[in-house]
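Some notes on the structure that comes next.
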Amino acid sequence: MREKRLWVQINRRSVEEPIDFVRCSNLVGNLFTFKLPPIIVKGIRKVNIDFANHDDALLIGGLDSILTIVETFPFDLFDTADLHGKIALLADRTYKCLMLVYQHLNLDVEQLNIGYKKILDDDFVLTHILFGGPKQNRNRSIKATVKADFLIDYTSVNIIFLNKKDIVINEIPLFKTIPGWLFYSLLLKTCKWIDGETFEMSNGSKEINFRVNINRQITMHYLPVNRDVDGIKEEIQFLTLESYFDL
């Protein structure tokens, strides 16, 4: 059994979820998802943390590959805090809930502590490197690193070109999406160098292909499957909030 990432989602058990709670819970869920070390756990792939208004809400239960914990949350403190305070409060309560989850699943809580310390040390800033890290071109003269910066209102995907001395040649923004990993993961699945100066990123079906040159030129190449190019362009527009290339 290999180590896997534990996906964390945070919800509010109430009639409505104020926009600040949605914004902050998306970021905090992603922080714990990407900064906690991968773990070995049988069956469970996702943890839902449901915060409730009422006292004594603690409940832990599982359904298929999802484990849910319901816990009391001080919404009065959350509502009066500034944005940084809201994120910090949510992170603290999420950490305490995950501690109960780790104990329930007999996992190594030190791994949780390591991840939470990283979250605090980084002051709730999250950058995720895509495709497993830097990719070198054939002659090993240039590296391409694709990163996703998770911000409170959106996720920004950029590509960075570095020379063999790791000096940045260019950092090029590709697009912004709704906060989280889902939307950019539908656009970026595989990557490869086309030649010594052009890096290509494709979606899962290879219908959408971003070709980015080290000189900041972005060109789109479409390979439609059972639809036309206009359908592909509509998909890109749906998945992005803002793009830095011509469709």
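The values are calculated or read from the model by the stated rules, or taken from the named source; none is laboratory data. Note that the structure is a prediction, hence the values are computed from the model and not measured. Cβ atoms come from the backbone with ideal geometry, glycine included; neighbour counts cover every protein chain shown. Note: accessible area is taken over every heavy atom of the protein model, side chains too, but ligands, DNA and RNA are not part of it. Shrake-Rupley method; radii C 1.70, N 1.55, O 1.52, S 1.80 Å.
See the values below:
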item	result
Of all DSSP beta bridges in the chain, antiparallel share, percent nearest 5	75
Burial order of peptide ranges 224-232, 43-51 (average beta-carbon count within 10 Å, highest first)	43-51, 224-232
Span from the the range 163-232 Cα centroid across to the the range 39-93 one, whole angstrom	35
Distance (nanometres) between label positions extended 7 Å along Cα→Cβ at residue 223 and residue 131	1.5
Computed [θ] at 222 nm, helices only, for the chain once each DSSP H run of length n ≥ 4 contributes -39500 (n - 2.57)	-9000 deg cm²/dmol
Candidate residues 22, 168, 70: accessible-area rank, largest first, probe 1.4 Å	168, 22, 70
Label selected from [x] 1.38; [y] 1.14; [z] 0.97, the criterion being Cα Rg over 2.2 N^0.38 Å as computed here	[y]
Leading residue at positive end of dipole, the range 127-243 (Cβ point charges), from 209, 161, 185	161
Residue-level accessible surface for residue 244, protein heavy atoms, 1.4 Å, Å²	90
Residue 167 paired with residue 58, simple spin-label distance in nm, labels 7 Å along Cα-to-beta-carbon	5.8
Estimated inter-spin distance, residue 246 and residue 45, nm [label 7 Å along Cα→Cβ]	4.1
Listed residues 125, 28 arranged by accessible area, highest first, probe 1.4 Å	125, 28
Total charge dipole magnitude, the chain, about the Cα centre, Cβ charges on Lys, Arg, Asp, Glu only, Debye to nearest 20	1340
Cα gyration tensor shape of the range 4-124, rounded if a/c is under 1.5, else prolate or oblate by comparing a/b with b/c	oblate
Surrounding net charge for residue 199, when Lys and Arg each add one and Asp and Glu each subtract one, Cβ distance under 9 Å	+1
Segment residue 195-residue 149, length gained on full extension (0.36 nm per residue, minus Cα span)	13.9 nm
